[in-house]
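As structure tokens, the structure follows; a few thoughts come after it.
None of the figures in this text is laboratory data; all of them are computed from the coordinates on show. Keep in mind it's a predicted model, so treat the numbers as computed, not measured. Methodologically, a virtual Cβ is constructed for each residue, glycine included, from the backbone with ideal geometry; neighbour enumeration extends over all protein chains shown.
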Amino acid sequence: MNEFLIGSAVAAGATGIGAIPALIFRKGTHRFRDVLLALCAGVMMAAAVFELIPQALALSDFIMVSLGLTAGVLALTILETTVPHHHLEHGYGVKIDKKAMLIITAVALHNMPEGLSVGVSYGSGVEGLGPLIALAIGLQNMPEGFLIALFLIQQKVRMITAFLIALLTGVLEYISALAGYFLTSFADGVVPFGLAFAAGSMLYIIYKELIPESHGDGNALFATYSFILGLLAMLLLTTVF
């Protein structure tokens, strides 16, 4: 339990850690931003495909995994269509007003499946899975925190405010991690379904959000290389740990 609380807190708090460099480097090129987004996509892809889905299959069968993965995709689709939000635009012309708050809300909502994957992974009882997924989520949270803080700072928001907002986006992730962890204690069947659900949610974010965003400013080649680098880095961690 203590290991879970610490691991999930570190993963969620990584958004704040990632925001720190934005306080120093207040300017970011489109290429740098796109490379970070693609790196996040690669890390998340590896975590979903090489860890979450195989572990779900090991604990259940194809039908259960398919149901969980589909449910994760549908859940994110419902969030996308029912909760109004605005994407990080290709450019920084959005003022810090309602649209900026919608961007922050969108990031916080996207943290939910990430937190769920951490909680379910720790609750699954599979040795080493929880820390590995927490590490993967933490790694992709840092660039996310950097981008949020950088966006807000470029909108003339005070640096301390930008840092705190980036840090607070991880709160919802921590709450969903707690929910995922305690949910697994009620029924064994929840574990493979939850792992597949988290994988489906992450795959939705990768294909629907991160990849299109990283390819929108003419940096597709660099973003592709960054995606592969993120995938290989996570695969190396999977192999080592």
Here, LEU67 and LEU5, labelled 7 Å along Cα→Cβ, have an inter-label distance in nm of 3.4
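Which of the chymotrypsin sites (Phe, Trp or Tyr not before Pro) across the range 142-211 are loop residues per DSSP, with 15 or fewer other Cβ within 10 Å? Write out the running numbers ahead of the final one.
Working: sites: PHE146, PHE151, PHE163, TYR174, TYR181, PHE182, PHE186, PHE193, PHE197, TYR204, TYR207; in loops: PHE186.
Of the chymotrypsin sites (Phe, Trp or Tyr not before Pro), the ones in loops of the range 142-211 whose Cβ has at most 15 other Cβ atoms within 10 Å are PHE186.
Out of the trypsin sites (Lys or Arg not before Pro) in the range 1-80, which ones are loop residues according to DSSP with at most 13 other C-beta atoms within 10 Å?
Working: sites: ARG26, LYS27, ARG31, ARG33; in loops: ARG26, LYS27.
Counting only loop positions with at most 13 other Cβ atoms within 10 Å, the trypsin sites (Lys or Arg not before Pro) in the range 1-80 are ARG26, LYS27.
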Note to self: C-alpha centroids of the range 42-68 and the range 136-155 sit apart, in Å, by 27
